[in-house]
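No lab work stands behind these numbers, since they all come straight from the coordinates. Worth saying up front: this structure is predicted, and the values here are computed from it rather than measured. All Cβ positions, even for glycine, are placed from backbone atoms using ideal geometry, and neighbour counts span all protein chains on display.
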Amino acid sequence: MFLTTKRINDWPQTTLIQFPYEIDFKPNILNAFDEQLNYLDKNRLDLLFLDKPTVDECRNAALFANISPTINKYKIIVIDKAEQINKSSSNSLLKLIEEPPSYVKIVLLCGHKKIMPTIKSRAKVFYYTNRDDHANNYDNDKAYQSFELDILTNKLNYQSYKKLDNINLIKLFINFSHKNLCKNNNIEKYTKLYKSSLNLYKINLFDGIVTNKNITFNLLKNLC
């Protein structure tokens, strides 16, 4: 995600990132945003994550925003499934977005459904990917091409990929599911594979737990 590669000083005050499909970001996004926090802030005191917030949670977010950062220069408020919150919550959230303190950065994450125009108009909008262009990028990767062909011809087997480490092995499944989601192929099936792949990726990369490669491979293969 582009925000994790840019210095927080360069972020817009309010950012809306729209994705072409529904996905649960919580298992992965907190680790990603950790890179923007002071290394002393182990408990994420200056990061607030809300998932489809209620009216009370939106009001609490305003209270959170009105208190100066504990350790960091900025506070970050991340709101997932922003398009699913009801009108009352949206109105409460709008008050925060209209005049946030200078030290607050707000990030709204939403799927393909429409979000309230009054909220969208007050945010810098980024679209996660151009579906067709992003899907076509995979076709330039020879390793991925071989992997995809094995799936499509029902020849996918562990022996062919056992030399890969866990991270690169899981990435193949992430890319395969993401390409199909970009093309709107069997959304339910590939969302499940995408979520499972991302979760295993997080466990191996961020949590420092090396899962059994053979078991990992067969688990994800069965979801293809």
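Summary of values
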item: Entries of Lys52/Lys124; Lys81/Lys195; Lys155/Lys213; Lys105/Lys202; Lys163/Lys192 with Cα pairs more than 22 Å apart; result: Lys105/Lys202; Lys163/Lys192
item: Extended-chain gain in nm, criterion 0.36 nm per residue less alpha-carbon gap, Asp10 and Lys124; result: 39.8 nm
item: Where trypsin sites (Lys or Arg not before Pro) fall in DSSP loop in the range 87-118, at most 13 other Cβ within 10 Å; result: Lys113, Lys114
item: Positive minus negative residues near Ser177 (Lys, Arg vs Asp, Glu; Cβ under 10 Å); result: +4
item: For Phe49, residues with placed amide H under 5 Å, excluding near neighbours; result: Val78
item: Length released on extending from Ser160 to Ile187, taking residue separation times 0.36 nm less the Cα-Cα span; result: 7.0 nm
item: Gain upon complete extension [Asn66, Lys195; 0.36 nm per residue less C-alpha separation]; result: 43.0 nm
item: Highest average packing first - 75-83, 149-157, 212-220, Cβ atoms within 10 Å; result: 75-83, 212-220, 149-157
item: Note, ³J(HN,Hα) from phi for the range 166-172, Karplus 6.51, -1.76, 1.60, rounded to Hz, x at Gly and Pro; result: 4, 4, 5, 5, 5, 4, 4
item: Local net charge near Ala65, Cβ-Cβ under 11 Å (Lys/Arg +1, Asp/Glu -1); result: +2
